[in-house]
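Here's the structure we're looking at; comments come further down.
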Amino acid sequence: LMHADGGIYKNRGFFLNGLVSFAMNLNDYFASSGIKTDEYYMKYGVNKNNIYRYMFSSVLSKNIQFNIKQKDSKQGNQINLLSVGQMIPRKGFDILLKAIKNVDNVKLTLIGGKPTQQYLTIINNYNLSDKVEILDFMPFNELKDYYLNADIFVFPTREDIWGLVLNEAMAFGLPIISTYNCVAAIEFDSLFNNCLLVPVDDIEKLNKAIKLLINDDNLRNNMAENSRNNARLITIDKMVEDYNRIFESLEEKL
């Protein structure tokens, strides 16, 4: 049984594709975290009848804490954006900083490390110092307060095979904005309708998505409700149940 948290297919050329396909198909059965991972397996010649689904997460059911506050942006309340991840180019925080340049009444908190010189330059050049706070990595018991204070979770990644921070965002009942290169966002959007997806490196479309959720209170609150209502379906507890089901199914085949 081969396990994959997620998968984004890349054409590596005939030789490497063949090598990956050969190694992958030495396995009999395949555990997949969702639609995109199914496609990943099948690109390498895996029989779809041998793929078993499970829910992938890093959040325990007991740690789910819903963010129940609702804001009406038309009343002038500040909207809090949150993003969490390493301060590395792959996470796309440079795009996010540029995307909020002309967004009014917003505060962005980035958590996950020391700001790079590139980020500091963008903040200075775009006059974002009043809109942006960058904080170092922190343990979950401290991080949860920022999730609870947030209104929208934004994850502009250039590529994440899954993106476990989206599981955390769901656990706190947040609407999500991410990219088509985040497998978790694709899966959650398909299952729960709680994500807005934008192309990678597209400042304009990310800007429009952020403005849309800020200005459309009903959409923002409905997406938050979808996260709240479905968060317990995406937990470690559910993943254990799914794997027990997979093992029982495979045992019947022996």
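Is there a residue being in a helix (DSSP H, G or I) and of a type in the set (Lys, Arg) anywhere in region 244-254?
Scanning region 244-254, I find at least one residue that is in a helix (DSSP H, G or I) and of a type in the set (Lys, Arg), so the answer is yes.
Based on this model, can you work out whether GLY6 counts as touching a strand residue (DSSP E or B) at 6+ places or on another chain (Cβ under 9 Å), in a loop (DSSP other than H, G, I, E, B) and not hydroxyl-bearing (Ser, Thr, Tyr)?
Criteria met by GLY6.
Scan (1) of a type in the set (Lys, Arg); (2) open to solvent by 50 Å² or more (accessible area, probe 1.4 Å); (3) farther than 25 Å from GLY92 by Cα for the single condition LYS211 breaks and write down its number.
It is condition (3) that LYS211 fails.
Within region 105-131, can you find the residues that are out of contact with any helix residue (DSSP H, G or I) (no Cβ under 7 Å at 6 or more places or on another chain), in a loop (DSSP other than H, G, I, E, B), buried (at least 16 other Cβ atoms within 10 Å of the Cβ) and of a type outside the set (Gly, Ala, Ser)?
If the condition is that a residue be out of contact with any helix residue (DSSP H, G or I) (no Cβ under 7 Å at 6 or more places or on another chain), in a loop (DSSP other than H, G, I, E, B), buried (at least 16 other Cβ atoms within 10 Å of the Cβ) and of a type outside the set (Gly, Ala, Ser), then PRO115, LYS131 are the ones that fit.
Quick one: ILE236 ticks every box in (1) closer than 22 Å to TYR29 by Cα; (2) more than 17 Å from the chain's Cα centre (by Cα) bar one, so which box is it?
Answer for ILE236: the failing condition is (2).
Give ALA224, ALA231 a once-over and let me know the one that is out of contact with any Cys (no Cβ under 9 Å at 6 or more places or on another chain), among the hydrophobic types (A, V, I, L, M, F, W, C) and farther than 20 Å from SER33 by Cβ.
ALA224
If GLU204 passes every condition in (1) in contact with a Leu (Cβ under 9 Å, 6 or more places away or on another chain); (2) farther than 19 Å from GLY6 by Cα; (3) at pLDDT 95 or above but one, which one does it miss?
It is condition (1) that GLU204 fails.
Looking at region 14-66 only, could you name the residues that are of a type in the set (A, V, I, L, M), buried (at least 16 other Cβ atoms within 10 Å of the Cβ) and in contact (Cβ under 8 Å) with a residue 60 or more places away in the chain?
ALA31, MET55, VAL59, ILE64
How do the strands (runs of 3 or more DSSP E) wholly within region 132-197 filter down when requiring 3 or more residues that are open to solvent by 10 Å² or more (accessible area, probe 1.4 Å) and in contact with a strand residue (DSSP E or B) (Cβ under 6 Å, 6 or more places away or on another chain): which remain?
Answer list for region 132-197: 132-135.
Being within 17 Å of ILE64 (Cα to Cα), surrounded by fewer than 17 Cβ atoms within 10 Å (Cβ to Cβ) and touching a residue at least 40 places away in the same chain (Cβ under 8 Å) narrows it down to one residue among ARG232, ARG228; which is it?
ARG232 is the lone residue from the list that is within 17 Å of ILE64 (Cα to Cα), surrounded by fewer than 17 Cβ atoms within 10 Å (Cβ to Cβ) and touching a residue at least 40 places away in the same chain (Cβ under 8 Å).
Of all residues in region 198-208, which are assigned to a loop (DSSP other than H, G, I, E, B) and either of a type in the set (D, E, K, R) or open to solvent by less than 40 Å² (accessible area, probe 1.4 Å) (or both)?
ASP201, ASP202
The values are calculated or read from the model by the stated rules, or taken from the named source; none is laboratory data. Keep in mind the model is a prediction, meaning the values are calculated, not measured. Here Cβ is always computed from backbone atoms with ideal geometry, including for glycine, and neighbour counts include all displayed protein chains. These accessible areas exclude ligands, DNA and RNA; they are computed on the full protein's heavy atoms, side chains included. Shrake-Rupley method; radii C 1.70, N 1.55, O 1.52, S 1.80 Å.
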